[in-house]
Amino acid sequence: MGKLESLSMIDFEVFTGRVKIMNADYLQNLNDTVEQIVRQKTFSEIVEGLKKELSYSEEPFVWSVLDLDSVNCALPERIKSGWVFVLKRDVPSGRHYHPNSVQHMVMVEGRGESCVGNARKEMVRYGTPGQPLESLWYVINEGVPHEFFPEEAEMVVVSFHTCEARELEEVACGSGAERLYLG
C-alpha cells in the first residue's frame, strides 16, 4: 500500500492541503437554513414528488434544486446552490465526486451509512438530540469521492454546494463518466 492509501481521511486532507477551515457559525447557519426548509410545505411536496419519480427510475437517486430565496437565513457567502436528493432504499448511490464544488450535506430522513474518502460510518440524522453539528453534517471537499448506502427506506438529504446549480458536475469514480445535474 502506498503512502496516500495508508492515510486516514483527515491525514489525507492535511497531506494534500485540501482542508478547508469552517467555523461553527458556518455550520450553524446551514443548520438554521435546513430547519426552515424542512418546515416548508413546498419541501414536503418536492420530497413526495421525488419519491414517486424514484419509484419509476433506474437511477439510484433523483434530485431537485431548492429555492434559497425562500429562506430567511443568512447563508454563508460560499454557498451558491441548494438541493434535495432522494436516494433509493437499499441501493448504493454510486461512488462519485464533484470536481468543482464543496458539498455540505445533512440527512433529513432515513438511515444508512456513508463512505467519504476511505472513511465509512453510520450516518446521524438531522435533528437527532444531543448530537453536535459536526456529527450531523458532511463537508466534502472538491474531488473527494463519496457514496451513500440507504437502508430499509429512501434516504432524503439536503445538500448545499459552492457552485451554481447549472454548474454542479459529478464524476463517477468507476467509469469516469461526467454529468451536470442540470442540463
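Please treat every number below as a calculation from the coordinates, not as lab data. All of these numbers come straight from a predicted model, not from anything done at the bench. Glycine gets a Cβ as well: all are built from the backbone with ideal geometry, and neighbour counts include every protein chain shown.
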Straight-distance crosslink candidates among aspartates and glutamates, where the alpha carbon sits under 12 Å from K52 and sequence neighbours closer than 8 are dropped: E154
For A177 and Q131 in one chain, what is 0.36 nm times their gap in residues minus the Cα-Cα distance, to one decimal in nm? 12.9 nm
Summed side-chain charge close to V171 - residues other than V171 whose Cβ falls under 12 Å, Lys, Arg +1, Asp, Glu -1: -2
Length released on extending from Q36 to E152, taking residue separation times 0.36 nm less the Cα-Cα span: 39.1 nm
Can you tell me the FRET efficiency between E142 and C115 if r is taken as the Cβ-Cβ distance and R0 is 25 Å, rounded to the nearest 0.05? 0.90
Relative contact order (percent, whole number), segment 46-109, Cα cutoff 8 Å, 6+ residue spacing: 34
Taking 8 Å as the Cα distance limit and 6 or more residues as the minimum spacing, I'd like the relative contact order of the chain as a percentage. 25
Please work out the ratio of the alpha-carbon Rg of segment 65-183 to 2.2 N^0.38 Å and round it to two decimals. 1.03
Where Lys and Arg each count +1 and Asp and Glu each count -1, what net charge lies around L180 among other residues with Cβ under 10 Å from its Cβ? -2
